[in-house]
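Have a look at the structure below before the remarks.
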Amino acid sequence: MIFTHQFDPTVDKVVEELNGRGVPLFRVNTSEFPERLSVGAELTDGQWPGQPRTTQRCLDLSTVSGVYYRRPANFEFHPELSENERQWATVQARMGLGGLLASLEPWLNHPHQIGYSEGGFNRS
């Protein structure tokens, strides 16, 4: 699973290499949340099984063997939201999506470790 923004040539090279090796991957453009990316999850036996879903793909989080975090984009919300609604939605998205994904085990570079320098899931 790779978190990045839409146009990231560095990640494009990583994806190309992983595809060449036959490694399944799920690239996530975080700006698609919540309009084109959704996540369903529930707390079960101390775990958060869930499924991020785009318009084309779905991923079972229990199958993730590695997570790479590289400069994800800010969340994009419906244009009709007021500034106050947008701020509220940003906090909810950080806590919901960010909290769920930060709980995953196989991070190559956990966002909490790099979040202070790049904003991590704590972006404003």
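A short reminder: the numbers here are calculations on the coordinates, not readings from a lab. Everything numeric in this text was worked out from a predicted model, so none of it was measured. Counting neighbours? That spans all protein chains shown, and the Cβs are built from the backbone with ideal geometry, glycine included.
Here are the numbers:
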{"read-out": "Ranked list, fewest to most other Cβ atoms within 10 Å of each Cβ, for E35, E76, E83", "value": "E83, E35, E76"}
{"read-out": "Most mobile of R27, R57, R70 in a GNM of the chain (Cα contacts under 10 Å)", "value": "R57"}
{"read-out": "Among Q113, Q87, Q56, residue whose mean-square fluctuation peaks in a GNM of the chain (springs only between Cα atoms under 10 Å)", "value": "Q56"}
{"read-out": "Gain upon complete extension [L43, R21; 0.36 nm per residue less C-alpha separation]", "value": "4.5 nm"}
{"read-out": "Karplus-derived HN-Hα couplings along segment 77-89 (A = 6.51, B = -1.76, C = 1.60, θ = phi - 60°), whole Hz, x at Gly and Pro", "value": "10, 3, x, 7, 5, 6, 4, 4, 5, 5, 5, 4, 5"}
{"read-out": "The chain - share of DSSP beta bridges that are antiparallel (%, nearest 5)", "value": "45"}
{"read-out": "Max mean-square fluctuation residue, GNM over the chain, Cα-Cα springs under 10 Å, options D12, D45, D60", "value": "D45"}
{"read-out": "Charge dipole magnitude, Cβ of K and R +1, D and E -1 - segment 2-122, Cα centre, debye nearest 20", "value": "240"}
{"read-out": "Inter-label distance, nm, simple model (7 Å from Cα along the C-beta direction), L108/E35", "value": "2.8"}
{"read-out": "Length-normalised contact order for the chain - Cα pairs under 8 Å, 6+ apart - percent", "value": "26"}
{"read-out": "Per residue Cα convex hull volume in Å³ - calculated over the chain", "value": "114"}
